[in-house]
Amino acid sequence: MALNLQSIYVLASGSSRAMEQLDTISNNLTNVNTSGFKKLLLKEMSQRIEKNGGDSNHLFVFPRFEDTPVVDIQGSLKISENPLDFAIDGKGFFVIESKGEQYLTRNGHFFIDSEGYLVDSKGNYVLDSADKKIFLDYKKSISVGEDGVIFQEQQEVAKLKIVANNRIEAVGDSYYKGVGDEIEAEYKVLQGYVESSNVNPIKEMTEMIVTQRRFEIYGNLIKSLDTLEQKTNEIGKA
Amino acid sequence: MFRALWTSASGMQAQQTNLDVVSNNIANVNTVGFKQSRANFEDLIYQTIKDPGVRSSDENIVPSGIQVGLGVKLSDVSKIFSQGSLKQTERELDVAIEGEGFFKIDFPGGGEAYTRAGNFQLDNEGYLVTPEGYKLSPNIQVNAPETLISIAISPNGKVTAVRNEGGVQTTEELTDIKLYRFMNPSGLKALGQNLFVPTVASGEAIEGNPNSDGFGKLAQGFLESSNVNIVDEMVNLIVAQRAYEINSKGITTADEMLRTVSTLKA
């Protein structure tokens, strides 16, 4: 065969990467209104070309993605006037217990459940600094200091557990898991605020255009290669 | 096919619900005792394309894998029970609650509901009722309404009828108005007609006297306006529309990329 099909496979693999890129971008965009959402970044991998003795079949130039780190930068804060909405300004996550496991979240939209415990919208318990559930007296007003200490009528009730990790992974349902080393949490807790998503729609829309063009370029190149192939076949016909 | 198609569709659906909630708030901007709702969202699950710990070269191990999120979903629509502003009406059967608490009303067929709307009336038997005719609970009955001059309701819930009996002005103590509150008011189920019913999430109603134990005080001749902030809601409307548009662009892009695929083969 005159033409090497390797290049078509490489281009097709590039198209698949562009599809993954669009998947990630659209997930970021759908969560543009999700409280406490942290966008994912799709990191592209630098190419590593194997040594080959002029054998183009062994050129590993397939584009790949390396990693999808959660971008843990601050989202904008929005006033909500709900005394049980907490937002973290700075580094750190609230800790939630669900089925014996601890999860991290920046979505501080909490409730008092029918037994008097502080829970999130799924009914999972918010933990205090001693890893215990937080019991609140609904009859008394609740105020939270910037250090996360909850007061009820001048009485200290509990201190919200807030932890930070140098690397986190998304679980879904507004939950994250810390996979890296724990680092010092530097934060201010704000009562009556919610943290908006940190997705910047302008940046994501631009990325989306780039992705689409990238996909088209791969497509056009595949088409050109195909035409070349066709021409090669036609040479023999004359 | 593209995950992005379904991901973006989930975003459009979420924003539609957001728009429903916002427009209901705006529609009730003048409803007595109405409490605004807020739609809250959370991300859907994540799909792992590459597992963590895979080798990226001879020396390196990928510290974490590639994850793709699958969109957004509605987590809850919660009522915000902040105080609405009080509006003077000078009507003696208008009662507003300044602070925490709900009035309890009896349904004719049994059962009970709770409301913040205190625009009461007297029915033909002299009972204090809501505009729908549901009796306030505990029932307050005014006897001999023809002799009634006025009704006074104190901030503590004491109801006093002032009568003119044969030219002599007398006063009579009627049943007290009680207030009710819930562990988790966000767990109440809204019935419409300004009424709420308790659920397992809200907990049982706890009875108390106005102006004590953290219950609000009563203000006769006032009504509580809706707590909808129209400026905020208009902004929410804009945000919902733009987010909807952006998500539709995701679908358009996925569609155009699919067209590229379909024209690959000449």
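The values are calculated or read from the model by the stated rules, or taken from the named source; none is laboratory data. Given the structure is predicted, the values throughout are model-derived calculations rather than measurements. Cβ atoms come from the backbone with ideal geometry, glycine included; neighbour counts cover every protein chain shown.
Being under 30 Å from A:Ile112 (Cβ atoms), more than 10 Å from every other protein chain (Cβ to nearest Cβ) and not small (Gly, Ala, Ser) narrows it down to one of B:Val239, B:Val231, so name that one.
Numbers: B:Val239 fails: more than 10 Å from every other protein chain (Cβ to nearest Cβ).
Result of the check over B:Val239, B:Val231: B:Val231.
Quick check, is A:Asn233 under 30 Å from A:Leu5 (Cβ atoms) and modelled with pLDDT under 90?
Values: under 30 Å from A:Leu5 (Cβ atoms): yes; modelled with pLDDT under 90: yes.
Yes; evaluated as a whole, the condition is true for this residue.
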Exercise for the section: Keeping to the range A:134-164, report how many residues are crowded, with 17+ Cβ neighbours inside 10 Å and free of Cβ contacts under 8 Å to residues at least 60 places away in the same chain. Expected result: 10
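Just one of A:Lys203, A:Lys132, A:Lys161 is over 15 Å from A:Gly36 (Cβ atoms), touching a Leu at 6+ places or on another chain (Cβ under 6 Å) and more than 11 Å from every other protein chain (Cβ to nearest Cβ); which is it? Please lay out each step first, then the result.
On the way: A:Lys203 fails: touching a Leu at 6+ places or on another chain (Cβ under 6 Å); A:Lys132 fails: touching a Leu at 6+ places or on another chain (Cβ under 6 Å).
That would be A:Lys161, the only listed residue that is over 15 Å from A:Gly36 (Cβ atoms), touching a Leu at 6+ places or on another chain (Cβ under 6 Å) and more than 11 Å from every other protein chain (Cβ to nearest Cβ).
Considering only residues that are assigned to a strand (DSSP E or B), in contact (Cβ under 8 Å) with a residue 60 or more places away in the chain and under 27 Å from B:Glu204 (Cβ atoms), which ones fall in the range A:82-107?
First pass over the range A:82-107, keeping only residues assigned to a strand (DSSP E or B): A:85-90, A:93-98, A:101-105.
From what is left, the residues that are in contact (Cβ under 8 Å) with a residue 60 or more places away in the chain are A:85-90, A:93-96, A:98, A:103-105.
Correct list: A:Asp85, A:Phe86, A:Ile96, A:Ser98.
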Problem - B:Ile140 away from chain A (no Cβ under 14 Å), surrounded by 14 or more Cβ atoms within 10 Å (Cβ to Cβ) and within 26 Å of B:Phe81 (Cβ to Cβ) - result: yes
Exercise for the section: Determine the pairs where a residue that is on the phi > 0 side of the Ramachandran plot, located within the range B:247-266, has a partner that is assigned to a helix (DSSP H, G or I) and surrounded by 12 or more Cβ atoms within 10 Å (Cβ to Cβ) with Cβ atoms under 6 Å apart, the partner being 6 or more residues away or on another chain. Expected result: none
Exercise for the section: Considering (1) closer than 26 Å to A:Tyr117 by Cα; (2) part of a strand (DSSP E or B); (3) over 16 Å from the mean Cα position of the chain (by Cα), say which one B:Ser212 fails and leave the rest. Expected result: (2)
Exercise for the section: Within the range B:256-264, identify whether any single residue is more than 10 Å from every other protein chain (Cβ to nearest Cβ), in a helix (DSSP H, G or I), touching a helix residue (DSSP H, G or I) at 6+ places or on another chain (Cβ under 7 Å) and not polar (S, T, N, Q), and answer yes or no. Expected result: no
Problem - Cβ-Cβ under 6 Å pairs, at least 6 apart or on other chains, the range A:13-28 side more than 8 Å from chain B (Cβ to nearest Cβ) and closer than 12 Å to A:Glu207 by Cα, far side surrounded by 20 or more Cβ atoms within 10 Å (Cβ to Cβ) and hydroxyl-bearing (Ser, Thr, Tyr) - result: A:Gln21/A:Thr211
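Would you pick out the residues in the range A:165-186 that are surrounded by fewer than 20 Cβ atoms within 10 Å (Cβ to Cβ), assigned to a strand (DSSP E or B) and not hydrophobic (A, V, I, L, M, F, W, C)?
First, the residues of the range A:165-186 that are surrounded by fewer than 20 Cβ atoms within 10 Å (Cβ to Cβ): A:166-167, A:171-172, A:177-186.
From the residues that got through so far, the ones that are assigned to a strand (DSSP E or B) too are A:171-172, A:177-178, A:182-183.
Across the range A:165-186, the qualifying residues are A:Gly172, A:Lys177, A:Gly178, A:Glu182.
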Fill in the blank from the handout: Of B:Glu207, B:Glu173, the only residue that is modelled with pLDDT under 90 and of a type outside the set (Lys, Arg) is B:Glu173
Exercise for the section: Tell me which residues, restricted to the range B:183-209, are assigned to a loop (DSSP other than H, G, I, E, B), surrounded by 14 or more Cβ atoms within 10 Å (Cβ to Cβ) and more than 14 Å from the chain's Cα centre (by Cα). Expected result: B:Met183, B:Ala201, B:Gly203, B:Ala205, B:Asn209
Practice task
State all residues of the range B:77-89 that are surrounded by 15 or more Cβ atoms within 10 Å (Cβ to Cβ) and facing chain A (nearest Cβ under 8 Å); if no residue qualifies, say none.
Solution key: B:Ser78, B:Ile80
Exercise for the section: Report whether or not A:Asp147 is under 30 Å from A:Tyr9 (Cβ atoms) and not in a strand (DSSP E or B). Expected result: no
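Would you check which residues across the range A:196-206 are in a helix (DSSP H, G or I) and either β-branched (Val, Ile, Thr) or buried (at least 19 other Cβ atoms within 10 Å of the Cβ) (or both) and list them?
A:Ile202, A:Glu204, A:Thr206
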Completion exercise
Reported set for the range B:60-76 where residues are at pLDDT below 90, aliphatic (A, V, I, L, M) and either assigned to a loop (DSSP other than H, G, I, E, B) or buried (at least 17 other Cβ atoms within 10 Å of the Cβ) (or both) is B:Val62, B:Ile66, B:Val68
Fill in the blank from the handout: Here the qualifying pairs (Cβ atoms under 9 Å; residues six or more apart or on different chains; first in the range A:210-222 and facing chain B (nearest Cβ under 7 Å) and in contact (Cβ under 8 Å) with a residue 12 or more places away in the chain; second among the polar types (S, T, N, Q) and exposed (fewer than 15 other Cβ atoms within 10 Å of the Cβ)) come out as A:Gly219/B:Thr263
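At positive phi and over 23 Å from the mean Cα position of the chain (by Cα), is that true of A:Glu153?
Numbers: at positive phi: yes; over 23 Å from the mean Cα position of the chain (by Cα): yes.
Yes: the conditions hold for A:Glu153.
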Fill in the blank from the handout: The correct count of residues that are in a strand (DSSP E or B) and of a type in the set (S, T, N, Q) in the range B:120-150 is 4
